[in-house]
Amino acid sequence: MTSLNSLLTAPGPSAAWQGFLLWIALIAAIGPQNALLIKQGLKRRAVGVIVGVCMLSDVIFVLGGVFGMGAVIERAPWLMFGLRWAGVVYLLWFGASCIRDAIRPKALTDSSLVDAPSPAPVKQPALVPTGGAGADQTQAEWVYHCQPDGERQPLRTEQSAPRSIRGPILLALAMCWLNPGAYLDGFVMLGSVANQYGPEKWCFALGALAATCLWFPVVGYGSAALAKPLSKPAVWRWINIAVALMMAALAYNLAFNL
């Protein structure tokens, strides 16, 4: 125990530990990023993409704070003003979309995770061995549209159609970068504390980066793991209502209290 205490209180590890604790306390508060991660995790939609965007954005905030970007933010009040109201509008829009989903809830089944509409009725021809009678070889399976003229055309199945990740990426970027609180937490608060450690500020930054690498995957993939127990429409309705209220509160705080 003595050796552990001496390790944690040594200059380098102590700074890293303090950076970890401070940053995880800042990012653990329920905000736009975490709300988006939880909602998309429960939907099991582009979880890895959103986790990656949030982590990369946080890395920029941490390194920007250590490099002294807080001074730039403090000297450009017009930038914070623009970000504030852009964030208010976006949070209200996101909350309105949650209300819409609450009015028309859907169970989080596998079919609800597909953007494309269900394909038309299909027929599947008999499987024919490729190597003669009795040959134990892999058989080809084809799926066709039922055309009214009897002509068969190959159907592009849902599994072969790649899902677009552009929407989730833009959504995650907006939640990360249209939030003035993230600039204040990373560039100003974290940066001011990190610079107090002098040459050890990089150890402090490494601790903060470790918190980022731990928090976002746990929230995103943890929510995805809970998707099945929370798949009922009634449960999903209340989740959407809770997220909408949270977004409204954040927008109000951003507009009048920041």
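Counting the residues of the stretch 69-84 that are of a type outside the set (A, V, I, L, M), surrounded by 14 or more Cβ atoms within 10 Å (Cβ to Cβ) and farther than 20 Å from ASN34 by Cβ gives 1. Scanning the stretch 204-226 for residues that are within 11 Å of the chain's Cα centre (by Cα) and outside any helix (DSSP H, G or I) yields a total of 0.
From the list LEU26, LEU63, pick out the single residue that is in contact (Cβ under 8 Å) with a residue 24 or more places away in the chain and touching an Asp or Glu at 6+ places or on another chain (Cβ under 6 Å).
On the way: LEU63 fails: touching an Asp or Glu at 6+ places or on another chain (Cβ under 6 Å).
Going through LEU26, LEU63 in turn, just one is in contact (Cβ under 8 Å) with a residue 24 or more places away in the chain and touching an Asp or Glu at 6+ places or on another chain (Cβ under 6 Å): LEU26.
Of everything in the stretch 23-33 that is farther than 15 Å from TYR183 by Cα and assigned to a helix (DSSP H, G or I), the residue that is nearest to the chain's Cα centre (by Cα) is ALA28.
The set of residues in the stretch 211-254 that are without any contact (Cβ under 8 Å) to a residue 60 or more places away in the chain, under 23 Å from LEU83 (Cβ atoms) and not aromatic (Phe, Trp, Tyr) comprises ALA249, ASN253. Residues in the stretch 174-224 that are of a type in the set (D, E, K, R) and surrounded by 20 or more Cβ atoms within 10 Å (Cβ to Cβ): ASP185 alone.
Just so you know, all these numbers are worked out from the coordinates, no wet-lab data involved. Just so it is clear, the structure is predicted and the values come from calculations on it, not from any experiment. All Cβ positions, even for glycine, are placed from backbone atoms using ideal geometry, and neighbour counts span all protein chains on display.
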